[in-house]
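Undergrad: So that we are looking at the same thing, I have put the structure below in structure tokens.
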Amino acid sequence: MISRYERMIARRYLLPGRGEGFIFLVASISLVAVALGVAALIAVMSVMNGFRAELFDRILGLNGHAVVQGYGGRLPDWQPLLAQARATPGVVQAEPIIEQPLIGSYKSRAEGVLLRGMQMDDIRSLKLVADNVKAGRLEDLSLEGNFVAIGARLSESLGAGVGDTISLISPDGQVTPFGTTPRIVPYQIAAVFEVGIFDYDKAFVLMPLDRAQTFLRMGDDIGMITLTTTDADKADRILQPLVPALTGRGVIIDWRQMNGVLFEALSVERTVMFVVVGFIILVAVFNILTSLIMLVRAKTRDIAILRTMGASRAAMMRIFVTVGTLIGSAGILLGMALGFLFLHYRQNIVMGVSKITGVDLWDPRIRYLTELPAKTDMVEVTAIITLALVLSFLATIYPAWKAASTDPVQVLRYE
């Protein structure tokens, strides 16, 4: 434990003495560098965690943890399989759906769309859509007539809103002596939704399952069954009992197979960013080392006097270790404040920088999400703080040892 007089000397050494302004400047730079490194690590890791969590929640919220995919894009006689899936332990939700890429057009505009047919109860319970309706009402999909709900970005691309009629074009149309005539059916927009993932908001068209079957001429068949389990990481084991019933009919594809490349890339990027940004703290630690070496050189005479007055080598080490650790600790506290402040105002900062530079820093067409996400993991924050403290402590050992090794006789003889 550090004694009272050791704490007093450490506090004095933290303030600049006569002719020690440059040493104080280097120590201040060290403190700021540690703060920037800690703030950058907290901000980067929180944004990466938020990005992964948002993508995970939104993608799996729409597609489930796994799908039962029928061969040839069709799953006939699916009702018993759906009942078996819902009765399987660990399965929270099972929904029959149809997905088919089509072309959507309005006036002179045309866009590629992804038609999804779902049962009305499933559409109402799909919180990612139901809680993000920007215009219109999902309940109107069940009205008599042809009604659809479309994504917000698709609405902007086509220039169509609630009440407008768009045309869905299927290449699988009627065969004539002159070739296949595309099937074109008009649908009125009942609702516009925004789930927050650009690719989905740009392409999704929702309609009731029975009308999708009629439009695509699938009879009573469906395309797949989406499955949500109690644990996404154990989805393959939970759904294993369904495999025998799918022999010759289809396969089970879990979220890793559907989006494995994306989430693996995010995981690798997260690790690389931690290492790269962590170098900022390492550079800051070298600054602490430099400032302490300079402080020891400047205080050589004081150290010699303290040693002749009875101060032990251990006391000298504790004094300079305390000085370096306090600089690192102050930098860590400042870095935490800066990091959490940045996370709180992150969207405003992104918008401000974009406005100043004229460059769109967060283009949803590239970033998938419409807003910069963040999710702070306190375990990671604790690890960052611990790493910074340990590195700050290690940086103090050599200067403290040099101070403790000072020979008071030699110093006082020549000074």
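Undergrad: Looking only at segment 4-59, filter to residues that are out of contact with any helix residue (DSSP H, G or I) (no Cβ under 7 Å at 6 or more places or on another chain) and of a type in the set (S, T, Y); which one of those is farthest from A315 (Cα to Cα)?
TA: S28
Undergrad: Can you give me the ranges of the helices (runs of 4 or more DSSP H) entirely in segment 298-357 with at least 1 residues that are surrounded by fewer than 13 Cβ atoms within 10 Å (Cβ to Cβ), within 24 Å of the chain's Cα centre (by Cα) and without any contact (Cβ under 8 Å) to a residue 60 or more places away in the chain?
TA: Correct list: 313-344, 346-357.
Undergrad: So if I check each of F274, F279, F286, which one is in a helix (DSSP H, G or I), in contact with a Ser or Thr (Cβ under 9 Å, 6 or more places away or on another chain), under 19 Å from A388 (Cβ atoms) and modelled with pLDDT of 80 or more?
TA: Just one listed residue meets the conditions, F286.
Undergrad: While we're here: I'm checking my understanding of the structure. Among residues of segment 64-106 that are farther than 30 Å from K202 by Cβ and in contact with an Asp or Glu (Cβ under 8 Å, 6 or more places away or on another chain), which one is surrounded by the fewest Cβ atoms within 10 Å (Cβ to Cβ)?
TA: Among them, the one singled out is P76.
Undergrad: Working only within segment 368-402, note down all residues that are surrounded by 17 or more Cβ atoms within 10 Å (Cβ to Cβ), among the hydroxyl-bearing types (S, T, Y) and not in a loop (DSSP other than H, G, I, E, B).
TA: S392, T396
Undergrad: Which of the following residues is over 29 Å from Q257 (Cβ atoms), in contact (Cβ under 8 Å) with a residue 60 or more places away in the chain and not aliphatic (A, V, I, L, M): G90, G104, G37?
TA: Just one listed residue meets the conditions, G37.
Undergrad: Right, A191: among the aliphatic types (A, V, I, L, M), modelled with pLDDT of 85 or more and assigned to a strand (DSSP E or B) or not?
TA: yes
Undergrad: Next question. Given the structure, is E20 open to solvent by less than 80 Å² (accessible area, probe 1.4 Å), among the charged types (D, E, K, R) and either under 19 Å from S291 (Cβ atoms) or modelled with pLDDT of 80 or more (or both)? Working first, answer last.
TA: On the way: open to solvent by less than 80 Å² (accessible area, probe 1.4 Å): yes; among the charged types (D, E, K, R): yes; either under 19 Å from S291 (Cβ atoms) or modelled with pLDDT of 80 or more (or both): yes.
It is true that E20 is open to solvent by less than 80 Å² (accessible area, probe 1.4 Å), among the charged types (D, E, K, R) and either under 19 Å from S291 (Cβ atoms) or modelled with pLDDT of 80 or more (or both).
Undergrad: Taking G61 as the residue in question, decide whether it is touching a residue at least 60 places away in the same chain (Cβ under 8 Å), within 21 Å of V195 (Cα to Cα) and surrounded by fewer than 19 Cβ atoms within 10 Å (Cβ to Cβ).
TA: Numbers: touching a residue at least 60 places away in the same chain (Cβ under 8 Å): yes; within 21 Å of V195 (Cα to Cα): yes; surrounded by fewer than 19 Cβ atoms within 10 Å (Cβ to Cβ): yes.
For G61, the condition - touching a residue at least 60 places away in the same chain (Cβ under 8 Å), within 21 Å of V195 (Cα to Cα) and surrounded by fewer than 19 Cβ atoms within 10 Å (Cβ to Cβ) - is met.
Undergrad: Go through the residues of segment 292-311 one by one and say whether even a single one is modelled with pLDDT of 80 or more, more than 30 Å from G50 (Cα to Cα) and touching a Gly at 6+ places or on another chain (Cβ under 8 Å).
TA: Yes, some residue in segment 292-311 is modelled with pLDDT of 80 or more, more than 30 Å from G50 (Cα to Cα) and touching a Gly at 6+ places or on another chain (Cβ under 8 Å).
Undergrad: So which residues in segment 215-238 are of a type outside the set (V, I, T), assigned to a strand (DSSP E or B) and more than 12 Å from I98 (Cα to Cα)?
TA: If the condition is that a residue be of a type outside the set (V, I, T), assigned to a strand (DSSP E or B) and more than 12 Å from I98 (Cα to Cα), then L227 is the only one that fits.
Undergrad: Something else about it: Report, ordered by the first and then the second residue, all pairs with beta carbons closer than 7 Å, sequence separation of six or more or different chains, a first member in segment 262-274 that is under 12 Å from M45 (Cβ atoms), and a second member that is among the β-branched types (V, I, T) and at pLDDT 75 or above.
TA: Final answer for the pair search is M273/V44.
Undergrad: Within segment 229-242, track down each residue that is touching a strand residue (DSSP E or B) at 6+ places or on another chain (Cβ under 8 Å) and modelled with pLDDT of 85 or more.
TA: T229, T230, I238, L239, L242
The values are calculated or read from the model by the stated rules, or taken from the named source; none is laboratory data. Note that this is a predicted model, so its numbers are computed, not measured. All Cβ positions, glycine included, derive from the backbone under ideal geometry; neighbour counts span all protein chains shown. In case anyone asks, the SASA skips ligands and DNA or RNA and just uses the protein heavy atoms, side chains included. Shrake-Rupley method; radii C 1.70, N 1.55, O 1.52, S 1.80 Å.
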